[in-house]
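Have a look at the structure below before the remarks.
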Amino acid sequence: MDPLPLVVVDAANTVGSVPDGWWRDRHAATVRLRDALAPLAGSGLPERADVPRFARHGPLELLLVVEGAARGVPPVDGVAVASAPGSGDDHMVELIARAAHDHPGRPVLLITADRALRERARVHGAVSAGPKAVRG
């Protein structure tokens, strides 16, 4: 059986994309993001120009990558959480590279606005969409 399409979410970048007071409590803001992502695992992401077709319907494997003050956010049904031991960007690239190695051709979508991170992920076959794809 083929693995589900993988959606990797840059938690710090996505949380920081909306000026809703996240800086007062990064952990709580990341929990809110995680909870908002959970239904998307079954339904898929909204139809937007930057969201590829494979991610517009579920089921999807959602992976929220956290760092810093957001470490320790637990997973919930539909959303796995990976705590970066150091750089969140480096950890996301490692996870995407591993997914490409373990399952060649598996569709992978990275959610981030970080252009350098997008380029690093593209080398491993991932496509990217901005934070509004999950915060719309």
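For (1) among the polar types (S, T, N, Q); (2) at pLDDT 95 or above; (3) under 21 Å from Leu4 (Cα atoms), each residue gets a yes or a no:
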residue: Leu40; (1), (2), (3): no, yes, yes
residue: Ala70; (1), (2), (3): no, no, no
residue: Ala80; (1), (2), (3): no, yes, yes
residue: Val108; (1), (2), (3): no, yes, yes
residue: Arg115; (1), (2), (3): no, yes, no
residue: Ala121; (1), (2), (3): no, yes, yes
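Return the residue satisfying two criteria in turn: it lies in the stretch 62-96 and is out of contact with any helix residue (DSSP H, G or I) (no Cβ under 9 Å at 6 or more places or on another chain) and aliphatic (A, V, I, L, M), and of such residues it is farthest from Ser43 (Cα to Cα). The qualifying residue farthest from Ser43 (Cα to Cα) is Leu95. Scanning the stretch 10-30 for residues that are within 24 Å of Arg120 (Cβ to Cβ) and assigned to a helix (DSSP H, G or I) yields Ala11, Ala12, Asn13, Thr14, Val15, Arg26, Thr30.
When the stretch 31-46 is limited to residues that are free of Cβ contacts under 8 Å to residues at least 60 places away in the same chain and in a loop (DSSP other than H, G, I, E, B), the one that is surrounded by the fewest Cβ atoms within 10 Å (Cβ to Cβ) turns out to be Pro39.
The set of residues in the stretch 55-89 being over 14 Å from the mean Cα position of the chain (by Cα) and under 14 Å from Ile111 (Cα atoms) consists of Arg56 alone. Evaluating Val7 against the criteria (1) in a loop (DSSP other than H, G, I, E, B); (2) closer than 17 Å to Arg118 by Cα; (3) of a type outside the set (Asp, Glu) leaves one unmet condition, (1). Among what's in the stretch 56-81 and is on the phi > 0 side of the Ramachandran plot and touching a strand residue (DSSP E or B) at 6+ places or on another chain (Cβ under 9 Å), pick the residue that is surrounded by the most Cβ atoms within 10 Å (Cβ to Cβ). The selected residue is Gly78. Among the residues of the stretch 1-24, those identified as surrounded by fewer than 13 Cβ atoms within 10 Å (Cβ to Cβ) and free of Cβ contacts under 8 Å to residues at least 12 places away in the same chain are Met1, Pro19, Asp20, Gly21, Trp23, Arg24. Restricting attention to the stretch 79-130, the residues that are hydrophobic (A, V, I, L, M, F, W, C) and without any contact (Cβ under 8 Å) to a residue 24 or more places away in the chain add up to 4.
The numbered conditions (1) under 19 Å from Gly130 (Cα atoms); (2) open to solvent by less than 40 Å² (accessible area, probe 1.4 Å); (3) without any contact (Cβ under 8 Å) to a residue 12 or more places away in the chain are all true for Arg53 except (2).
The values are calculated or read from the model by the stated rules, or taken from the named source; none is laboratory data. These figures come from a predicted structure and were not determined experimentally. So basically every Cβ, Gly included, is an ideal-geometry build from the backbone, and we count neighbours across all protein chains shown. Just the protein is used for accessible areas: all its heavy atoms, side chains included, with ligands, DNA and RNA removed. Shrake-Rupley method; radii C 1.70, N 1.55, O 1.52, S 1.80 Å.
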